[in-house]
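Scroll down for the structure; my scribbles are underneath it.
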Amino acid sequence: KIQQAIAEQNYEPDDYGVPVLNFDAVLEAQIELGLGPLHTQFDDKGYAYTSLFLESAVARWSLGGPYAELNDDPAWSLVSKQSVHYNVGHIAAAEGDTVSPDGRYLVSLNKWAVDRFQNVGPLLPQNFQLIDIAEPGQSMQLLYDMPLGVGEPHYAQIIKADKLDPWEVYPEVGWNPHTQAVDENAVLPGEERIERNGNTVEIWMTAVRSHFTPEHIEIQKGDHVIWHITNVERAYDATHGFAIPGYNIQLSLEPGEAVTFEFDATEDGVFSYYCSEFCSALHLEMVGYLLIKP
């Protein structure tokens, strides 16, 4: 109908000259679902699902046209509602806004939790609710509530896990995730060093269970520091952290990853740097010291 309306020039320009299609010309059906309809997802059984903000519910309704034969409900009709808790905005069904939705499950991204969880203080979580939509008709079932601590939920995707082909470790030692290549400042064992050029100090460091090399670094207050660290691990989940208290530096280094950071040595003293990710039984020994002289 949209293509036909365009072909027939069944539209009127708005105040800015943008053509707006005639609403009645492109209307397939109009269904009263409830109060405050917002967002819609689809499944593989000829149903659509619309969030109802004011009702705190998700409405299931049947599609018509080529999808009508996928279920026994009358085409273009409200089938059922599932109450959610509370004030739903976005919803996400499994691949529910693609040309081949998977169905089975839907998540309601609710903005309020109110009475769903044990109160632990004035800040309440958001509430994600998992709904089983596998069976047709009036059989939607609420399965699970999941508190989410921070921020208004806004849009999400659910895809099949077999679409993912993740790495267990980065392809090569010294990998830069941003450039998707080995970093020019990647460091291999034996290449660790410290170089000074005026008041700029550059450090090339390796991290491996359970040691940073070099483990003692001396610089002057006022120096500009360029620090390269490479996690030379090749084992799955051999992630290291790197933290320097007092300088607001905290890194996560996945196996094979190379990271560069810079800072100005504005405070003198002795600062420990350490692995902030449990990596082995000797994790607490993975520490070094940065001496910043006055």
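General observations
Yes/no per residue for (1) on the phi < 0 side of the Ramachandran plot; (2) surrounded by fewer than 12 Cβ atoms within 10 Å (Cβ to Cβ):
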| residue | (1), (2) |
| --- | --- |
| D162 | yes, yes |
| Q180 | no, yes |
| I203 | yes, no |
| H211 | yes, no |
| I244 | yes, no |
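- The set of residues in region 26-68 that are among the polar types (S, T, N, Q) and in contact with an Asp or Glu (Cβ under 8 Å, 6 or more places away or on another chain) comprises Q41, S62.
- Condition broken by V20, with the remaining ones in (1) more than 33 Å from the chain's Cα centre (by Cα); (2) assigned by TED's automatic domain parsing to the domain that holds K111 satisfied: (2)
- Here region 259-294 is the region considered, the condition is being among the charged types (D, E, K, R) and touching a His at 6+ places or on another chain (Cβ under 9 Å), and the residue that is farthest from H228 (Cα to Cα) is E285.
- Near pairs, Cβ below 7 angstrom, 6+ apart or cross-chain, from region 246-260 (in contact (Cβ under 8 Å) with a residue 12 or more places away in the chain) to any residue that is of a type in the set (K, R): P255/R234; G256/R234
- Hits in region 32-46 (condition: in contact with a Leu (Cβ under 7 Å, 6 or more places away or on another chain) and surrounded by 15 or more Cβ atoms within 10 Å (Cβ to Cβ)): L33, G34, G36, P37, Q41, K45, G46
- Some residue of region 263-275 being surrounded by fewer than 19 Cβ atoms within 10 Å (Cβ to Cβ), without any contact (Cβ under 8 Å) to a residue 60 or more places away in the chain and within 21 Å of W175 (Cα to Cα): no
- Taken over region 86-134, residues that are under 16 Å from L38 (Cβ atoms) and assigned to a loop (DSSP other than H, G, I, E, B) amount to 6.
- Per-region count, region 47-75, residues part of a loop (DSSP other than H, G, I, E, B), over 29 Å from the mean Cα position of the chain (by Cα) and surrounded by 17 or more Cβ atoms within 10 Å (Cβ to Cβ): 3
The values are calculated or read from the model by the stated rules, or taken from the named source; none is laboratory data. None of the values given here were measured: they were computed from a predicted structure. Heads up, the Cβs are rebuilt from the backbone with ideal geometry, glycines too, and the neighbour counts pull from every protein chain shown.
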